[in-house]
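Just so you know, all these numbers are worked out from the coordinates, no wet-lab data involved. Being a predicted model, the structure only gives us computed values, none of them experimental. Cβ sites come from the backbone with ideal geometry, for glycine too, and all protein chains shown count toward neighbours.
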Amino acid sequence: MLTRRNDSLSYLDPAGNNQDAPMVVATLPAGLMTLGDAPNSRIRVDVAQTGFFDGREFRTFRRLSIAAAGTLVVRAVVPINVILFKLALEMVDGWADLETRAGGTAGGTFAETLPIFKRNNMTNAPAYTGQVVLTAGGTHTGGTVLDVIAARASQSTAQASSVGAVTSDERGVGPGTYYFVVANPGSSTATGVWRAWWEERP
């Protein structure tokens, strides 16, 4: 049984004698401190995901210029689990509807490869090669509509998002092939930007 004696702990050994308990000092690993073992170091607290510092977060964008009644289809081949943090439309002129679909029938040629950038390009980011592939240029019909975003520009730029609008708005997405179909139901050319941001979870 441990009892306090002065400023230390003591215990009774099997013979009933009072013995001082050894003092153990525990410290956090230097990797959990902002400056390692430096005197002014503090406990490291980050608002970002571990995947950001691990180099597994990525972003993409695609400028939109879609003729009246036209569509743009982006195919996402996702071989692993991902967390989708942002999916958004920014319209400068006209309006557009964005449907996220699974299944259905793809046609044509997806010859355009969209740019994919790491969200963390710092020199101390671990080397990791992204596995998600985004291509555009084909067509898509049918399938299950998983989500819809609509944005229309009037007097100023319009922005709309279905993921990332608020904190904890992310979605877990399993492996599969998905289609982002951006349609222009208006009578003039729709111009703007489509954006996405995700984390890969190998």
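Could you please rank Phe117, Phe85, placing first whichever residue has the fewest other Cβ atoms within 10 Å of its Cβ?
The most exposed by this proxy come first: Phe117, Phe85.
Sorted from fewest to most neighbouring beta carbons within 10 Å, what does the list Met33, Met122 look like?
Going from least to most buried by this count: Met122, Met33.
Just grab the label-to-label distance for Asp54 and Leu146, each label 7 Å out from Cα along the Cβ direction, in nm (one decimal).
With each label placed 7 Å out from Cα toward Cβ, I get 2.1 nm.
Length gain on complete extension for the stretch Ser65 to Leu35, per 0.36 nm per residue less the alpha carbon to alpha carbon distance?
Fully extending the segment from Ser65 to Leu35 adds 6.0 nm.
Suppose each label sits 7 Å from its Cα in the direction of the beta carbon; what would the Ile116-Tyr128 distance come out to in nanometres?
1.3 nm
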